[in-house]
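The values are calculated or read from the model by the stated rules, or taken from the named source; none is laboratory data. As the structure is a computational prediction, the values presented were derived from the model and not from experiment. We place every Cβ from the backbone using ideal geometry, glycine too, and count neighbours over all the protein chains shown. Note: areas computed on protein heavy atoms with side chains; ligands, DNA, RNA excluded. Shrake-Rupley method; radii C 1.70, N 1.55, O 1.52, S 1.80 Å.
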Amino acid sequence: MNLRLKINLIVGVLTLMFLAIVLGLQLRSMHASVREEVVAANRVTAQLLDRTVWLYAAQGTSGMLAFLQGVGRVRSNDIMLLDTRGAELYHSPPSEYKAGRDAPGWFTQLIAPSQAERSIAFPDGKLIVRSNASRAVLDAWDEAVVLCLSAVALLVAVNGGVFWLVGRTVRPFGQIVEALNRLQTGRFDVSLPPLPGTEAAAIGAAFNRMVGELQQHIEAERRAARAEMELNDKRELSRWVDRHVEDERRVIARELHDELGQSVTAMRSMALSIAQRMHALDPQAEHAARLIAEEASHLYDAMHGIIPRLTPLVLDSFGLAEALNDLVERTRRSHAGLAIDAQVALAEAPIGADAALALYRAAQEGVTNALRHGQASRVALAVDYDGAEVVLTVTDNGRGLPPGWPAHDGHYGLRWLAERLQGLGGRFSISPAAPQGVQLQVHLPVPAAAP
């Protein structure tokens with residue numbers, strides 16, 4: 001059932017109730033009017049005949065009969081003349097007013113008052129006067145018929161007018177429904193024209209605003225999805241580049257360690273052998289050979305200093321714990337006066353190669369920042385495993401975080417660390433250490449760290 005039909009039904013029911021109340025009041029008024037008319041006419045007729053009958057009673061029954069025949073029909077009354085034996089000598093003639101028609105029986109019972117009868121006795125007989133409301137009831141019936149026909153016409157006119165007006169009023173809602181259906185099918189470019197009526201215009205304006213905001217949200221989501229896709233692609237590319245860089249570093253480090261290291265060692269050995277042979281024969285040649293041996297030794301030491309910065313070969317050979325201890329030992333040797341220690345408690349933590357390299361680089365970045373930016377004199381490195389994640393903590397006693405942090409967190413090393421940890425499902429945080437310094441903490445879940 002649509003809104004138009006509902007409104008018509010409501011108006012129709014209300015109109016019927018109103019008409020029913022009006023008809024009820026009118027019927028009540030008709031009943032009172034007929035009763036008043038009939039009772040008054042019966043009372044007046046009876047009083048008139050009561051005073052007149054004795055004038056004609058002396059003439060006998062014939063005189064009374066002549067009088068009644070001369071009177072004829074009295075409205076709303078039936079007059080009968082009876083002799084002493086009760087035989088009817090006279091009955092008033094029927095009314096010629098609306099002759100041949102009578103109101104329905106149910107309407108007569110509803111409107112007509114109870115029949116009143118008066119008896120006037122005289123020596124030769126008896127006169128009976130009875131009330132007759134048939135003509136008054138017929139008049140009331142005719143008025144009721146006209147009233148009902150007028151009510152039906154009014155009901156039809158009102159409902160017809162309401163149906164037309166409501167149809168014209170709700171016509172814009174069809175456009176709104178059509179626009180909503182088009183919007184449901186994915187047509188987000190739909191819009192409504194200015195609609196007639198205050199409510200329809202407000203709904204249309206709200207619909208157009210909603211579509212506009214929806215288009216903006218969809219475009220924003222598309223841009224966000226596109227940006228996220230591009231970001232993911234860049235992250236994948238960055239991880240691919242990092243992986244290949246690490247592979248190349250590892251290859252270069254192994255080449256330096258295996259090939260160049262052996263070559264430099266062989267050069268140093270040959271230079272020392274030449275120096276021993278030329279000890280007695282040619283002092284200058286011996287000195288040159290020893291210089292070559294010293295330079296080869298310096299080259300060997302420099303090469304071994306470069307290899308850990310390229311890739312921690314000890315990480316592939318002995319694991320994360322030994323690699324971290326090696327990092328601490330090399331840092332201690334290269335920075336005189338630095339107090340650095342490590343507490344590595346990994347137990348049987350299932351750490352994969354990528355995760356181990358990420359943790360090692362995080363420790364390397366933390367130590368480097370503590371020495372380079374914090375000017376720290378003490379650094380503590382700790383690695384713990386609680387069965388769910390690996391936690392690496394680097395704490396120093398340096399100058400602390402710069403003012404305005406994290407506005408200064410754009411260091412390439414930290415950005416690289418954040419991207420690598422995010423790719424492995426981990427995270428890191430940097431916070432002030434007590435009483436002074438900085439604390440770097442890395443959390444790496446075991447499932448991401450598992451091989």
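Answer with yes or no whether G204 is surrounded by 10 or more Cβ atoms within 10 Å (Cβ to Cβ), part of a helix (DSSP H, G or I), free of Cβ contacts under 8 Å to residues at least 12 places away in the same chain and under 21 Å from the mean Cα position of the chain (by Cα). Quick ask: steps written out before the conclusion?
Details: surrounded by 10 or more Cβ atoms within 10 Å (Cβ to Cβ): yes; part of a helix (DSSP H, G or I): yes; free of Cβ contacts under 8 Å to residues at least 12 places away in the same chain: no; under 21 Å from the mean Cα position of the chain (by Cα): yes.
So G204 fails the test.
Scanning for something surrounded by 10 or more Cβ atoms within 10 Å (Cβ to Cβ) and either within 21 Å of the chain's Cα centre (by Cα) or part of a loop (DSSP other than H, G, I, E, B) (or both), does segment 153-170 turn up at least one residue? Don't jump to the end; show me each part of the working.
Kept after step one, since they are surrounded by 10 or more Cβ atoms within 10 Å (Cβ to Cβ), are these residues of segment 153-170: 153-170.
Subset that is either within 21 Å of the chain's Cα centre (by Cα) or part of a loop (DSSP other than H, G, I, E, B) (or both): none.
So far as segment 153-170 goes, no, none of its residues is surrounded by 10 or more Cβ atoms within 10 Å (Cβ to Cβ) and either within 21 Å of the chain's Cα centre (by Cα) or part of a loop (DSSP other than H, G, I, E, B) (or both).
Any residue in segment 312-328 that is of a type in the set (S, T, Y), modelled with pLDDT of 75 or more, part of a helix (DSSP H, G or I) and within 60 Å of the chain's Cα centre (by Cα)?
no
Within the bounds of segment 60-76, is there any residue that is open to solvent by less than 60 Å² (accessible area, probe 1.4 Å), in a loop (DSSP other than H, G, I, E, B) and within 30 Å of C148 (Cα to Cα)?
Scanning segment 60-76 turns up at least one residue that is open to solvent by less than 60 Å² (accessible area, probe 1.4 Å), in a loop (DSSP other than H, G, I, E, B) and within 30 Å of C148 (Cα to Cα).
Looking at G174, G186, G197, can you tell me which residue is over 30 Å from P104 (Cβ atoms), exposed (fewer than 13 other Cβ atoms within 10 Å of the Cβ) and over 22 Å from the mean Cα position of the chain (by Cα)?
Numbers: G186 fails: over 22 Å from the mean Cα position of the chain (by Cα); G197 fails: exposed (fewer than 13 other Cβ atoms within 10 Å of the Cβ).
Checking each option against the conditions leaves just G174.
Take R250 and tell me if it is at pLDDT below 70 and open to solvent by 90 Å² or more (accessible area, probe 1.4 Å). I'd like the intermediate steps shown before the answer.
Details: at pLDDT below 70: yes; open to solvent by 90 Å² or more (accessible area, probe 1.4 Å): no.
No.
Could you tell me how many of the residues in segment 370-386 are open to solvent by 40 Å² or more (accessible area, probe 1.4 Å) and either part of a helix (DSSP H, G or I) or at pLDDT below 80 (or both)?
1
Which condition number does G100 fail, the rest of (1) open to solvent by 50 Å² or more (accessible area, probe 1.4 Å); (2) closer than 28 Å to L147 by Cα; (3) of a type outside the set (V, I, T); (4) not in a loop (DSSP other than H, G, I, E, B) being met?
(4)
Which residues, counting only those in segment 77-97, are open to solvent by less than 40 Å² (accessible area, probe 1.4 Å) and closer than 23 Å to V44 by Cα?
Taking segment 77-97 as the starting set, the residues that turn out to be open to solvent by less than 40 Å² (accessible area, probe 1.4 Å) are 77-83, 90, 92, 95.
Once the filter is applied, which keeps residues that are open to solvent by less than 40 Å² (accessible area, probe 1.4 Å) and closer than 23 Å to V44 by Cα, segment 77-97 yields N77, D78, I79, M80, L81, L82, Y90, S92, S95.
Would you pick out the residues in segment 167-198 that are among the small types (G, A, S), within 15 Å of Q215 (Cβ to Cβ) and touching a residue at least 24 places away in the same chain (Cβ under 8 Å)? Give the steps one after another, and end with the answer.
Step one: of segment 167-198, the residues among the small types (G, A, S) are 167, 174, 179, 186, 191, 197.
Next, from what is left, pick out any that are within 15 Å of Q215 (Cβ to Cβ): 179, 186, 191.
The one that is among the small types (G, A, S), within 15 Å of Q215 (Cβ to Cβ) and touching a residue at least 24 places away in the same chain (Cβ under 8 Å): A179.
On the given criteria, is I21 surrounded by fewer than 16 Cβ atoms within 10 Å (Cβ to Cβ), of a type in the set (V, I, T), in a helix (DSSP H, G or I) and at negative phi? So that I can check it myself, show each step before the final result.
Details: surrounded by fewer than 16 Cβ atoms within 10 Å (Cβ to Cβ): yes; of a type in the set (V, I, T): yes; in a helix (DSSP H, G or I): yes; at negative phi: yes.
So I21 fits the description; yes.
Going residue by residue through segment 332-348, is there one that turns out to be under 28 Å from V245 (Cβ atoms), open to solvent by less than 60 Å² (accessible area, probe 1.4 Å) and assigned to a helix (DSSP H, G or I)?
Initially, segment 332-348 is screened for residues under 28 Å from V245 (Cβ atoms), giving 332-335, 340, 342, 344, 346.
Still in the running and open to solvent by less than 60 Å² (accessible area, probe 1.4 Å): 340, 342, 344, 346.
Narrowing further to those that are assigned to a helix (DSSP H, G or I): none.
So far as segment 332-348 goes, no, none of its residues is under 28 Å from V245 (Cβ atoms), open to solvent by less than 60 Å² (accessible area, probe 1.4 Å) and assigned to a helix (DSSP H, G or I).
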